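Enquirer: Just dropping this structure here.
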Amino acid sequence: MSSSLRATLPTLFALLLGYALMQIGNTLQGTLLSVRGSIEQFTPTQIGAVGAAFWVGIVVGSLGAGRVIQQVGHTRTFAALAAIAASTALLHLLAISPAVWIVARAVTGFCFAGLFIVVESWLNASVNAQTRGQILSVYGMTGLIAGIGGQMLLPAGDPHGYRLFCFVAILISLALVPTALSRATAPAHAVSDTRINLMQLYRQSPFGVVAAVLCGITTSSFFALGPIWAQERGLDTTEIAIFMACGTLGGFATTYPLGWLSDRMDRRHVIIGASGMAAAILFVLIHFVPAIGPVWLLFIYVAVFGGSVIPTYSIVTAHVNDMVKPGEFVAAAGGLLILQGVGAAIGPVISGMMMTEFGRLGLLYVVIVAQALMAIWGAYRSLQRAAPPQEEKESFVPEPVVPVGTQLEAP
């Protein structure tokens with residue numbers, strides 16, 4: 001670790017701690033709502049809509065929350081949005097209704113978009129060019145570790161009761177403390193006002209645009225409806241928590257190896273291999289793993305699946321950065337986030353409808369199709385355009401699902 005990074009980390013520790021706490025709460029809430037929705041006899045389509053609403057809020061917040069930061073500053077925005085998100089978590093207990101939960105999750109998504117913008121813009125403004133990549137890598141890995149921690153909190157309470165919802169509210173509220181007491185100076189400029197042109201981004205990287213949407217469909221479908229799949233498979237609350245955590249843990253384990261590999265070869269080939277592996281592992285799960293098989297086998301399968309799909313968005317982002325000009329990185333990142341958010345908003349709805357029609361296998365069918373399309377599209381684009389020269393490639397940085405404050409430009 002460089003001396004400049006060692007000097008920067010203590011200052012930014014409070015921001016990373018606050019980010020970790022809110023991610024733990026957010027991950028726990030996502031799994032809890034899926035399990036509790038099933039207990040309350042919500043249909044898979046309704047549970048999928050609840051999961052999709054979060055991403056609708058994320059996209060809207062990504063485009064609009066920056067204005068709030070510009071008006072009142074980073075610290076006040078973080079405090080206000082965290083308070084709303086913590087209160088909204090308890091609203092799910094007061095009104096157990098699919099319509100109310102959909103609205104509440106959309107509000108939560110908007111709040112988390114603003115919270116992510118605060119943290120990321122603060123981090124970016126507080127480091128220099130030499131340490132930015134390392135800090136953002138720490139940031140991305142912090143999100144993954146927090147996600148595992150949030151999943152493992154599910155057995156700490158009964159999903160039928162109220163305790164887990166209280167845990168979510170407490171964790172999000174506690175995220176306020178380190179950020180409010182941080183000695184780090186908030187940046188003078190809130191967020192970038194770079195405008196996004198999705199048509200231009202498609203011309204620069206057709207593969208990246210399509211892959212970002214498919215990444216959103218895959219990951220949101222898994223995290224919104226994976227707990228329901230596991231529940232219908234016969235797993236208890238603890239096993240569901242381990243099942244979901246194994247998916248994230250697999251992604252944590254493979255993010256850097258796959259990123260390292262993508263720095264040394266055509267990134268599209270790495271994505272093709274990963275998406276092909278994800279589709280294959282689910283195909284084997286459907287046809288060759290008995291329903292009464294040992295639960296540890298499911299944990300291994302989901303870890304391999306997570307290791308294949310979770311790092312993909314980071315590699316897609318790196319591939320797009322290879323194709324755009326240096327001054328367009330922020331706009332490209334914002335465009336990819338919007339595209340991923342669109343995919344993430346429609347993924348749980350489609351998967352929920354498929355589960356309503358075909359049972360728990362409907363989720364696997366949707367994910368297999370999404371991953372197969374990514375592999376096919378990547379192979380086709382590899383034949384149409386050569387990879388950029390090695391000396392023109394940007395370094396891989398793990399990307400959490402983090403909104404940026406940008407504005408959409410009409411083509």
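The values are calculated or read from the model by the stated rules, or taken from the named source; none is laboratory data. Predicted, not measured: the structure shown is a model, and the values here were computed from it. Note that we place each Cβ from the backbone using ideal geometry, even for glycine, and neighbour counts take in every protein chain shown. Areas reflect the complete protein model, heavy atoms only, side chains present, ligands, DNA and RNA absent. Shrake-Rupley method; radii C 1.70, N 1.55, O 1.52, S 1.80 Å.
Conditions tested, residue by residue: (1) within 26 Å of G109 (Cα to Cα); (2) of a type in the set (V, I, T); (3) at pLDDT below 85; (4) part of a loop (DSSP other than H, G, I, E, B).
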position: I292; (1), (2), (3), (4): no, yes, yes, yes
position: L298; (1), (2), (3), (4): no, no, no, no
position: G306; (1), (2), (3), (4): yes, no, no, no
position: H319; (1), (2), (3), (4): no, no, yes, no
position: L336; (1), (2), (3), (4): yes, no, yes, no
position: L339; (1), (2), (3), (4): yes, no, no, no
position: A344; (1), (2), (3), (4): yes, no, no, no
position: G362; (1), (2), (3), (4): yes, no, no, no
position: Y380; (1), (2), (3), (4): no, no, no, no
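Enquirer: Within segment 172-198, count every residue that is among the aliphatic types (A, V, I, L, M), open to solvent by 10 Å² or more (accessible area, probe 1.4 Å) and modelled with pLDDT of 85 or more.
Expert: 3
Enquirer: Let me ask something else. State yes or no: is P311 out of contact with any strand residue (DSSP E or B) (no Cβ under 9 Å at 6 or more places or on another chain), open to solvent by less than 20 Å² (accessible area, probe 1.4 Å) and modelled with pLDDT under 90?
Expert: For P311, the condition - out of contact with any strand residue (DSSP E or B) (no Cβ under 9 Å at 6 or more places or on another chain), open to solvent by less than 20 Å² (accessible area, probe 1.4 Å) and modelled with pLDDT under 90 - is met.
Enquirer: Additional query: Does segment 389-405 include one or more residues that are modelled with pLDDT of 80 or more, crowded, with 21+ Cβ neighbours inside 10 Å and under 17 Å from W55 (Cβ atoms)?
Expert: No: segment 389-405 contains no residue that is modelled with pLDDT of 80 or more, crowded, with 21+ Cβ neighbours inside 10 Å and under 17 Å from W55 (Cβ atoms).
Enquirer: Something else about it: I'd like the full set of residues that are free of Cβ contacts under 8 Å to residues at least 60 places away in the same chain, surrounded by fewer than 19 Cβ atoms within 10 Å (Cβ to Cβ) and hydrophobic (A, V, I, L, M, F, W, C), limited to segment 266-298.
Expert: M277, A280, V284, F288, V289, A291, I292, W296, L297
Enquirer: Kindly evaluate G51 against the criterion of being within 25 Å of A180 (Cα to Cα), of a type outside the set (S, T, N, Q) and out of contact with any strand residue (DSSP E or B) (no Cβ under 8 Å at 6 or more places or on another chain).
Expert: The answer is no for G51.
Enquirer: Looking at the structure I just gave you, is F116 under 20 Å from A344 (Cβ atoms), at pLDDT below 85, open to solvent by less than 50 Å² (accessible area, probe 1.4 Å) and assigned to a helix (DSSP H, G or I)?
Expert: For F116, the condition - under 20 Å from A344 (Cβ atoms), at pLDDT below 85, open to solvent by less than 50 Å² (accessible area, probe 1.4 Å) and assigned to a helix (DSSP H, G or I) - is met.
Enquirer: Something else about it: Quick one: which residue in A125, A169 is modelled with pLDDT under 90 and either assigned to a helix (DSSP H, G or I) or surrounded by fewer than 17 Cβ atoms within 10 Å (Cβ to Cβ) (or both)?
Expert: A125
Enquirer: Among Q29, Q46, which is the only one that is surrounded by fewer than 23 Cβ atoms within 10 Å (Cβ to Cβ) and either among the acidic types (D, E) or out of contact with any strand residue (DSSP E or B) (no Cβ under 8 Å at 6 or more places or on another chain) (or both)?
Expert: Q46
Enquirer: Checking the structure you have, find out if any residue of segment 239-262 is part of a loop (DSSP other than H, G, I, E, B) and open to solvent by 30 Å² or more (accessible area, probe 1.4 Å).
Expert: no
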